[in-house]
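The values are calculated or read from the model by the stated rules, or taken from the named source; none is laboratory data. Source: prediction; values computed, not measured. Neighbour counts are summed over all protein chains in view; Cβ atoms, including those assigned to glycine, are modelled from backbone coordinates with ideal geometry. Keep in mind that these areas ignore ligands, DNA and RNA; they rest on the heavy atoms of the full protein, side chains included. Shrake-Rupley method; radii C 1.70, N 1.55, O 1.52, S 1.80 Å.
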Amino acid sequence: MKLVFIHGRAQGAFEALDLKATWIKTLNEGLKKSGLTLPISEEDVIFPYYGKLLDKLVLDFNEPVKEIIEKGSGAGTADAQFFRDFLQEVADNANVTQADIEEENPTEVTEKGILNWPWVQAILQAVDKKSQWSEASLKKFTYDVFLYLTNPAIKTQINNEVTKLLDNEPCLFVEHSLGTVVGYNVLRDHPELKVAKYITLGSPLGISAVKKYLKAPIKMPECVKNGWFNAFDDRDVVALNPLNNRFFDISPSIQNKSDVNNQTENRHGIIGYLNDKAVAKEIYDALKKGI
C-alpha cells in the first residue's frame, strides 16, 4: 500500500525531500494523539514535487496576468471574471459584507461588476482586514490557481510531475490546497489507478469559479474505491465550502469534516491539517484497510 501526498502552491522555496519529511513528521504527530504510528514504510510514501516547476511556469506567464491582477487590464475578459468570482466567494466565506467592500472603495460603489477593477481590489483589501490572509498572499493564491486551471501547458506539466511517479499498486491519495485540484484532475484522467480512498485538506474545489474549469460532469473519480473524505477549518477562507450536495454534488457523496482546528496563521497550512487527530486517524484507517 502506497501513500501519495500532493502539496499545494508556494512550496518552491523548499526541497522535495525536506518537504516530504515535514509532511510525514506532521502526520505522525497527528497519529500520536491516537497512540498510533504510520503503518507503512516511509519508502512507500510518494511525494510528487512540483513546487519549483510551478514557480518557474508562473514566472514565465507573469507579465500578462500581472496586468490583470494589478491594473485591471482586460477586465472585461473571462480571465478577469475568474478573479472577480473567486475573490467574491472568498469574501463571502470571510463574512465580508458589501458595506465592508464599499468602505475600501467609496468612490466606486455604483459599479460592482467585472468592468470595475477597483471593486475587485477593494474585495482583496476587505478580506485582508477580516481574515488572516494578507492581500498579497490572496492575490498570489488566486493567481496560481487561475494559471493552473486556464493554461493547458501549465496544467499538463504539473499533472505529469504527479503521474510519472504513479504505478498500479494500491494507494491512498492525500492532497492539500491547490494540490486537491491537481489531484482531482489526475484521478479523473486515470481510471486505471487503484485508489483505496481520496482525502482532501483545505480544498478550494467547492468554489464555483474553480468548478467551471473542471472536466464535466463533476463526479467521483472512477479509480476511487472506498470514498472521499474532505476536511477543512471553517475559518480557512479558501477552503470555501464543504464538498457536499450543494457545492460539489456527486454520488456517492463526500464525507466532510469542517471542525479542524488549524493552528497555522491563516488557518490553511498543511501542518494544521495533518496534525489533526481525526484527519490522521482517517489516513491510518484507509492505509490499514487498503483496497
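Remarks
- Euclidean distance of C-alpha centroids, the stretch 215-291 and the stretch 5-37, integer Å: 16 Å
- Among 278, 136, 80: highest mean-square fluctuation, GNM of the chain, C-alpha pairs under 10 Å: 136
- About its Cα centre, the chain has a charge dipole of approximately 880 debye under the convention of +1 per Lys or Arg Cβ and -1 per Asp or Glu Cβ, with nothing else charged.
- Percent RCO, i.e. relative contact order, over the chain, from Cα pairs under 8 Å lying at least 6 residues apart: 23 percent
- Three-way shape label, the stretch 227-280, alpha-carbon gyration tensor, a/c 1.5: oblate
- R0 of 35 Å, Cβ-Cβ distance residue 18-residue 289: FRET efficiency to nearest 0.05: 0.70
- Counting only alpha carbon atoms, the long axis of helix 78-93 and the longest principal axis of the chain meet at about 70°.
- The chain: most fluctuating residue of 167, 18, 276 per GNM, C-alpha cutoff 10 Å: 18
- Of 230, 204, 263, farthest towards positive along the dipole that unit charges on Lys, Arg, Asp, Glu beta carbons give the chain: 230
- For the options 175, 265, 135, a Gaussian network treatment of the chain with springs between C-alpha atoms closer than 10 Å singles out 265 as fluctuating the most.
- A 1.4 Å probe run over the protein chains yields, for the stretch 126-209, 31 Å² of accessible area per residue, whole-number rounding.
- Identified option (computed Rg/Rh (Cα atoms, Kirkwood Rh); candidates (i) 0.97; (ii) 1.09; (iii) 0.94): (i)
- Mean residue ellipticity, 222 nm, helices only, the chain: the sum of -39500 (n - 2.57) across DSSP H runs of n ≥ 4, divided by residue count and rounded to 500, is -13500 deg cm²/dmol.
- Helix 178-189 vs. the chain, principal-axis angle (Cα, 0 to 90°, nearest 10): 60 degrees
- Listed by chain and number, the lysines whose alpha-carbon sits under 21 Å from that of residue 219, ignoring those within fewer than 8 places in the same chain, are 155, 194, 197, 211, 257.
- Crossing angle, helix 117-130 versus the chain [Cα axis fit, 0-90 degrees, rounded to tens]: 60 degrees
- If you count Lys pairs in the stretch 1-62 whose Cα atoms are under 19 Å apart, skipping same-chain pairs closer than 8 places in sequence, the total is 5.
- Portion, in percent, of the accessible area of the chain that falls on carbon or sulfur, probe 1.4 Å: 49 percent
- Å² per residue, accessible surface of the stretch 210-281 at 1.4 Å: 47 Å²
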